[in-house]
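Undergrad: I have a structure I would like to understand better, so I am pasting it below and will then ask my questions one at a time.
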Amino acid sequence: MRDLKLADNMRELRITNEYSQKFVSNYIHIARQTYSLYETGRRLPDLKTVCDLADLYHISIDLLLYTDLSVDVEQIADSPAYEHLAITPENSAIPLNGTDARMLTNYKALPPETQQEIREYVLFKKRRLEASTALHK
């Protein structure tokens, strides 16, 4: 039997995404105290709750349950479950490769002001590309 990492991963993902226990518990429609019991490993969530958590973090259930998400991204990228890790812009999942994951890890390590500048620059470049494409049609 594989070692269950769910409780640790719930905490790791919540902190990494800068979510409060209240936010996550509201998202998955449970009491905050119940969520706290799941995160500390004193209780196990039901399957629907596990599915809701995987949906919130855009990862596979397998990755949520069995992969130590506190390790370095390069180690996670070597995991067979890694191929299911995805981000979801505008409700459309886009799989991440190792380069994308490293870039996001580096981005998360930057100060909030720098992250904001990067988001604005990416939106600027996207709009500029869209406008250029529209002109050439």
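Undergrad: Quickly work out the D68-to-R119 label distance, labels modelled 7 Å from Cα along the C-beta direction, and quote it in nm with one decimal.
TA: Modelled inter-label distance: 3.2 nm.
Undergrad: Now for a separate question. What list do you get for V50, V24 if you sort them by fewest beta carbons within 10 Å?
TA: Fewest-to-most Cβ neighbours within 10 Å comes out as V50, V24.
Undergrad: Report, ordered by chain and residue number, the lysines lying within cross-link reach of K108, taken as a straight Cα distance under 27 Å and ignoring same-chain residues fewer than 8 apart.
TA: List returned: K5, K22, K125, K126.
Undergrad: Set the Förster radius R0 to 30 Å, insert the Cβ-Cβ distance between K126 and R43 as r into 1/(1 + (r/R0)^6), and round the FRET efficiency to 0.05.
TA: Taking R0 as 30 Å, the efficiency between K126 and R43 is 0.10.
FYI, it's all coordinate maths here, none of it is from the lab. Since this is a predicted model, take the numbers as computed values, not measurements. Please note: Cβ atoms are built from the backbone with ideal geometry, for glycine as well, and neighbour counts cover all protein chains shown.
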